[in-house]
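> My questions will all concern the structure given below.
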Amino acid sequence: MSAAPTAATGGDGPVPPPRTSVPGDNAVPMSAADSSTAGAARGLAWPVGVPLAEPAEPVVADAEPGRVRWDPAERRARASQSFWTALVGVPAIFSVLRLGVEAGGELQTTLLLVANVGPVNLLAGFLTTAARLLSTGMVAVFALGAVLAVSADRLPPGTGRRPLFARWADITPAWAVLASFLLALITWPLLYLPLLLPAFVAAFQLHPGRLHERAAPRLLIIIALLAGYGWLMLPTMRDAGRQGDVLVLALIVVPPLLALFIAGPLPGVVIRPLASVTEVAVLATLVWAAVPVISTPVLPLTVTTVGVENGPTEDVRGHVVTTDDVNMVILQERGGVRYVPVGLVRAQVLCPSEEELPRRQLRIHDFHVEDSLLEGMGRRVRPVHRIDATCRTPA
């Protein structure tokens, strides 16, 4: 019997013979022709029709020494991962911090809140108070990212890595960008809604030239849009002028004019410095704006009247944590937890916080400038009730 290996055949075609190790094969790779020649020299016939594996091209063969060349798909995956991690992780961190601040930094009080404030209630409270902050961060990132992206595309290749906001804008779908603007539209105070005009133009790169190809009709369209905006804001501008509120006038007049020039690429010399400055500025602004969000109470503020029947009473101002058959647990506004027997509770009033009280006497067509569209529509369904006297005098 011959000991030489032969090619076996099966239902799926010829099967190549087993490959024996050849001295030096692991040191010097052979091409397809060299492999066939070596096989023929050993008396092994490679079956006809079976392809030979060719060595793949090295991915970083022409890369600079000591430098790894990242694949564009991997860059987009990394940018997408960092973006969604920040979008999901930041609200979770804020929710935990809010409980600690609400408890006054006391461990036992924090554990009491954790045990009685459910995750659904905590998420609902966070969305109602922090949706404005979340939409602000997303709008700023998408607007600045789109401007930096279109500017970086004009740079010669190999000039450096694209800015972080530009990479986030590249991997974010258009529906997510539009959803962030819709969230800002219903949660921002009406006073700051004009800022969405230049941000929207920047995020979607809406040049004035896209209105019409001819200059004369384009100018007429711009004048008509500005006239409609002026008709909407003119009564508020007159009231702000009489009250001497310069900030309101600037927030109404400047944004629509800025929207006419904000789209388009920036000069190449300012892209890198502007990218670094804007990233730090957006982060600092979000941290500054997050302080009142973290300190906003998770539970509603109430004034509970406590006392025996036909006897003296006491008003306990604070937040009701939980109520059972024996006690009502109240987190007092000035600190400390108080257990009030249910039988001693005579009355309870819901009170607004100081942040909810209006500071300006300006309206935009029956909507208060410090209310959002959501709050304004809610006040039409349920008008503001008269504040109880017990809410005006803190205990």
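The values are calculated or read from the model by the stated rules, or taken from the named source; none is laboratory data. Please read these numbers as outputs of a predicted model, since none were measured by experiment. Counting neighbours? That spans all protein chains shown, and the Cβs are built from the backbone with ideal geometry, glycine included. Quick note on the areas: whole protein, heavy atoms, side chains included, nothing else; ligands and nucleic acids left out. Shrake-Rupley method; radii C 1.70, N 1.55, O 1.52, S 1.80 Å.
> Exposed (fewer than 14 other Cβ atoms within 10 Å of the Cβ) and not in a strand (DSSP E or B): is that true of GLU370 in this structure?
It is false that GLU370 is exposed (fewer than 14 other Cβ atoms within 10 Å of the Cβ) and not in a strand (DSSP E or B).
> Going through VAL248, VAL201, VAL253 one at a time, which residue ends up being closer than 19 Å to PHE181 by Cβ and under 29 Å from the mean Cα position of the chain (by Cα)?
Exactly one of VAL248, VAL201, VAL253 is closer than 19 Å to PHE181 by Cβ and under 29 Å from the mean Cα position of the chain (by Cα), namely VAL201.
> For residues in segment 373-388 being basic (Lys, Arg) and within 30 Å of ARG242 (Cβ to Cβ), which is least open to solvent (accessible area, probe 1.4 Å)?
Taking the candidates together, the pick is ARG379.
> Kindly evaluate LEU193 against the criterion of being within 28 Å of HIS368 (Cβ to Cβ) and either at pLDDT 80 or above or outside any helix (DSSP H, G or I) (or both).
In short, yes.
> Among the residues in segment 207-230, are any of a type outside the set (Asp, Glu), in contact with a Leu (Cβ under 7 Å, 6 or more places away or on another chain), closer than 30 Å to LEU127 by Cα and open to solvent by less than 50 Å² (accessible area, probe 1.4 Å)?
no
> OK, next. Considering only residues that are closer than 30 Å to MET237 by Cβ and touching a Ser or Thr at 6+ places or on another chain (Cβ under 8 Å), which ones fall in segment 252-284?
Scanning segment 252-284 gives a single hit, ILE252.
> Moving on. Please give the number of the condition PRO194 fails out of (1) farther than 26 Å from PHE94 by Cβ; (2) open to solvent by 10 Å² or more (accessible area, probe 1.4 Å).
Among (1) farther than 26 Å from PHE94 by Cβ; (2) open to solvent by 10 Å² or more (accessible area, probe 1.4 Å), the lone unmet condition for PRO194 is (2).
Each row is one residue, and each column tells you yes or no for (1) hydroxyl-bearing (Ser, Thr, Tyr); (2) within 16 Å of HIS319 (Cβ to Cβ); (3) modelled with pLDDT of 70 or more.
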{"position": "ARG75", "(1), (2), (3)": "no, no, no"}
{"position": "ARG78", "(1), (2), (3)": "no, no, no"}
{"position": "ALA86", "(1), (2), (3)": "no, no, no"}
{"position": "THR109", "(1), (2), (3)": "yes, yes, yes"}
{"position": "PHE142", "(1), (2), (3)": "no, no, yes"}
{"position": "ALA152", "(1), (2), (3)": "no, no, yes"}
{"position": "LEU155", "(1), (2), (3)": "no, no, no"}
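> Follow-up question, since we're still on this one. Restricting to segment 254-271, name every residue that is open to solvent by 60 Å² or more (accessible area, probe 1.4 Å) and modelled with pLDDT of 80 or more.
Listed by number, the residues that qualify are VAL254, LEU257, LEU258, PHE261.
> Confirm whether VAL306 is among the β-branched types (Val, Ile, Thr), assigned to a loop (DSSP other than H, G, I, E, B), in contact with a strand residue (DSSP E or B) (Cβ under 9 Å, 6 or more places away or on another chain) and open to solvent by less than 70 Å² (accessible area, probe 1.4 Å).
Taking the combined requirement at face value, the residue does not satisfy it.
> A follow-up question, please. Can you name the condition, by its number, that ARG210 falls short on among (1) in contact with a Pro (Cβ under 8 Å, 6 or more places away or on another chain); (2) without any contact (Cβ under 8 Å) to a residue 40 or more places away in the chain?
(1)
> If you don't mind, another one. When you scan segment 199-206, do you find a residue that is of a type in the set (Gly, Ala, Ser) and open to solvent by 60 Å² or more (accessible area, probe 1.4 Å), even just one?
No.
> Going residue by residue through segment 325-334, is there one that turns out to be closer than 23 Å to TRP188 by Cα and surrounded by 12 or more Cβ atoms within 10 Å (Cβ to Cβ)?
No: segment 325-334 contains no residue that is closer than 23 Å to TRP188 by Cα and surrounded by 12 or more Cβ atoms within 10 Å (Cβ to Cβ).
> Quick check on this structure: which one of ASP366, ASP315 is more than 25 Å from the chain's Cα centre (by Cα) and within 30 Å of LEU182 (Cβ to Cβ)?
ASP366
> Something else: Contact list please: Cβ distance under 6 Å, first residue in segment 163-178 and in contact (Cβ under 8 Å) with a residue 12 or more places away in the chain, second residue open to solvent by less than 50 Å² (accessible area, probe 1.4 Å) and polar (S, T, N, Q), pairs at least six apart or on different chains.
From segment 163-178, the pairs are ILE171/SER80.
> Restricted to segment 337-363, and to residues that are assigned to a loop (DSSP other than H, G, I, E, B) and free of Cβ contacts under 8 Å to residues at least 40 places away in the same chain, which residue is most open to solvent (accessible area, probe 1.4 Å)?
In this case the residue turns out to be ARG359.
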